[in-house]
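Q: Take a look at this one; I'll ask things after.
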Amino acid sequence: MAKLFFRYAAMNAGKSTALLQVAHNYEERGHRVRIFTARLDDRYGRGFVTSRLGPQREAEQFDASTDFLALIGQGEAGPGIACILIDEAQFLTKHQVQQLHEMAHLRNLPAICYGLRTDFQGELFPGSATLLALADEMDEMKTICDCGRKATMNMRVDAANRKVTEGAQVEIGGNARYRSVCGRCFRQG
Ligand SMILES: [Zn+2]
């Protein structure tokens, strides 16, 4: 039976790279995938999943109004669709994660969701919270803090590289900067 996967990590752990690799693996075997990434502002442009190693490819965009059940269609996954791949999955709504869970278990369509676990204040994103609750399999992708420990947190910093503790969970159109840090460095600021 298909599963709902959540592969989470701090920023810059290579989530988008991993997603593109999985897409490639499916397509190499003649399967089709559908790739989604978050639309973070009101512009209806094209979305891209971009690997810091170079490759990028176009993706469909989702926002809070996206109905995955309607988009993917009824019944089995649609002709040749083998998997749904979602980047920036922390921005899914609770309902959307429930839909993906339903599609995995009632329609045999797996979904692999890549995203952050927590925001710059150490709080779960709504999408991540529901993925932690419903995912059939979870993997933590590893990245390293400047101090050498495993980075698990996302620290927002200002232009002078000082920790920022107040502000919106998502800074739309802002120029927020982030560092992936370990718990110790996160608390020390
Ligand atoms: Zn550290």
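Q: Treating only the Cβ of Lys, Arg, Asp and Glu as charged (+1, +1, -1, -1), what charge dipole size does the chain show about its Cα centre? Round to the nearest 20 debye. Before the final figure, lay out each step's value.
A: Details: 24 positive and 22 negative charges, 145 e Å.
Around 700 debye, computed over the chain.
Q: What is the set of long-range amide H partners of residue 83 at a cut-off below 5 Å, with H atoms built 1.01 Å from backbone N?
A: Amide H neighbours of residue 83, under 5 Å, 5+ apart: 34.
Q: Continuing with the same structure: Restricting attention to the range 76-121, which GluC sites (Glu not before Pro) occupy a DSSP loop and are surrounded by at most 16 other Cβ atoms within 10 Å?
A: Taking the range 76-121 and a limit of 16 other Cβ atoms within 10 Å, the loop GluC sites (Glu not before Pro) found are 76.
Q: Between residue 40 and residue 184, what is 0.36 nm times their sequence separation minus the Cα-Cα distance? Round to one decimal in nm. If you can, show how the numbers build up before the last one.
A: Working: separation 144, 0.36 × 144 = 51.84 nm, distance 3.02 nm.
Separation in residues times 0.36 nm, less the Cα-Cα distance, equals 48.8 nm.
Q: Which of the peptides 66-72, 159-165, 33-39 is most tightly packed, and how do the rest follow, going by the mean number of other Cβ atoms within 10 Å of each residue?
A: Answer by packing, highest mean first, reads 33-39, 66-72, 159-165.
Q: Please compute the length gained on full extension between residue 65 and residue 28, using 0.36 nm multiplied by the number of residues separating them and subtracting their Cα-Cα distance.
A: On the way: separation 37, 0.36 × 37 = 13.32 nm, distance 3.22 nm.
Answer, rounded to one decimal: 10.1 nm.
Q: What number do you get for the range 64-189 when its Cα radius of gyration is normalised by 2.2 N^0.38 Å, N = residues?
A: On the way: Rg = 17.1 Å, N = 126, 2.2 N^0.38 = 13.8 Å.
Against the compact-globule rule of thumb, the ratio is 1.24.
Q: I would also like to ask the following. Using amide H atoms built in the peptide plane, which far-off residues or other-chain residues are under 5 Å from residue 48 H to H?
A: 59
Q: What FRET efficiency do you get for residue 165 and residue 108 if R0 is 30 Å and r is their Cβ-Cβ distance, rounded to the nearest 0.05? Can you show the working numbers first?
A: Working: r = 44 Å, r/R0 = 1.48.
That pair, residue 165 with residue 108, gives E of 0.10.
Q: Obtain the radius of gyration and the Kirkwood radius of the range 1-147 from its C-alpha atoms and give Rg over Rh.
A: For the range 1-147, the value is 0.94.
Q: Starting from the 7 Å offset along Cα-to-Cβ, what nm value, one decimal, do you get for the label separation of residue 140 and residue 51?
A: Calculated label separation equals 2.5 nm.
Q: Let me ask something else. Arrange 103, 141, 153, 1 by Cβ neighbour counts within 10 Å, fewest through most, would you?
A: On the way: 103 20, 141 14, 153 24, 1 8.
Fewest to most other Cβ atoms nearby, the residues stand as 1, 141, 103, 153.
Q: Can you pull the semi-axes for the range 139-185, root of five times each eigenvalue of the Cα gyration tensor, sorted largest first, whole Å? Can you show the working numbers first?
A: Working: eigenvalues 88, 33, 15 Å².
Each semi-axis is the square root of five times an eigenvalue, giving 21, 13, 9 Å.
Readers should treat all values here as calculations from the given coordinates under stated rules, not as data from a laboratory. What you are looking at is a predicted structure, and each value in this text was computed from that prediction instead of being measured. As a convention, Cβ positions derive from the backbone with ideal geometry for all residues, glycine included, and neighbour counts pool all protein chains shown.
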